[in-house]
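What follows is a short report on a single structure.
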Amino acid sequence: MQARRGVFRGLALVALFVLAVTSCRDTTINQQAGGDAEACVQEAVCSDGGSPDGPDPSAADNPSPPGSGASSAGPDQGGDTTDGGSGGEGGDGSTGDGSGGGAGRQGATGSVAGEAVPVRVELSGGNLPDGLRDSVDGCSMGVCTDWGADDVVVGGKSFDTGFAIECTIACGENEHGFFQMKLAGKYAKLDATFGIAADSPGSDRTETLTVSVSDQGTGKVLHSEKLAYGRSYTLTGFDVARVGVLRISFEGAMGGAHGAVGSPVVRN
């Protein structure tokens, strides 16, 4: 009887050893990884030399510095913390970075501790702050401006808000009109898409308009671009940091080709 108990005890010890060895392989992980992955169960002794899961004893002696990790980001190359791109990005392949327009970090939000959260202000529609508009809304000398145009379509793109400008009386080939805003140095960047409105009534689709972005205080033209039917031109992160009064003006045959600005926004 005692010999038989010794045999059973020996078999039990063998079974426990086999169980300890096989427990080093996590069959769930292996199945999910196609049978190639191996994982060590915590506190097990691995026959293949693998290390059990759990905290690294050396971690307590050598803590990682804040922000470090296996994948560390390089130095910040962006100029401002927004969903902007690098410079300007036009819907038709046109690009513009303005005068020192900053490059944005895609998907970045918020701000670094101690810095102000970026402010975005729509220049059109009902969100236009009081005192920011510095020119008339309506018609003057046959040139009509709409500060809150809805569904502006430029180059095949539709915008919920924007500017629209046209000539309605005694229109020639070189009409001029503008939108003027008091920025007072409160904002640093301008985002906007320019073009000829898709619903323009003109029959001559070869007509063009010229749009200019100017510092009205100094009279300096910061950017100018020729606009054609079916195309759009976008400025993203355009530098307006030192502009007191910003003017966006259109010039050309605005009787048939109506100027349009899609989603104009200033931000800091």
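The values are calculated or read from the model by the stated rules, or taken from the named source; none is laboratory data. Please read all numbers here as calculations on a predicted model, not as lab measurements. Here Cβ is always computed from backbone atoms with ideal geometry, including for glycine, and neighbour counts include all displayed protein chains.
Take R205 and tell me if it is more than 26 Å from D160 (Cβ to Cβ), basic (K, R) and assigned to a loop (DSSP other than H, G, I, E, B). I'd like the intermediate steps shown before the answer.
Numbers: more than 26 Å from D160 (Cβ to Cβ): no; basic (K, R): yes; assigned to a loop (DSSP other than H, G, I, E, B): yes.
No: the conditions fail for R205.
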(request) Quick one: count up the residues across the range 247-268 that are farther than 17 Å from G156 by Cα and assigned to a loop (DSSP other than H, G, I, E, B). (result) 5
(request) Sort through G162, G148 and tell me the only one that's in a strand (DSSP E or B) and modelled with pLDDT of 95 or more. (result) G162
(request) Out of the residues in the range 159-195 that are among the polar types (S, T, N, Q) and in contact with a Gly (Cβ under 8 Å, 6 or more places away or on another chain), state the one that is nearest to L132 (Cα to Cα). (result) T161
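Go through the range 211-246 and report how many residues are assigned to a strand (DSSP E or B) and buried (at least 19 other Cβ atoms within 10 Å of the Cβ). Reasoning before the result, please.
Of the residues in the range 211-246, the ones assigned to a strand (DSSP E or B) are 211-215, 220-228, 232-239, 245-246.
Right, trim to buried (at least 19 other Cβ atoms within 10 Å of the Cβ) and you get 211, 213-214, 222-223, 227, 232-239, 246.
Of the residues in the range 211-246, 15 are assigned to a strand (DSSP E or B) and buried (at least 19 other Cβ atoms within 10 Å of the Cβ).
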(request) Report, by residue number, each residue of the range 124-144 that is surrounded by 17 or more Cβ atoms within 10 Å (Cβ to Cβ), under 29 Å from the mean Cα position of the chain (by Cα) and touching a residue at least 60 places away in the same chain (Cβ under 8 Å). (result) S124
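If only one of G185, G177, G195 is in the same structural domain as D146 (by TED's automatic domain parsing) and outside any strand (DSSP E or B), which one is it?
Of G185, G177, G195, the one residue that is in the same structural domain as D146 (by TED's automatic domain parsing) and outside any strand (DSSP E or B) is G185.
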(request) Assess whether A198 counts as being at pLDDT below 95 and surrounded by fewer than 22 Cβ atoms within 10 Å (Cβ to Cβ). (result) no
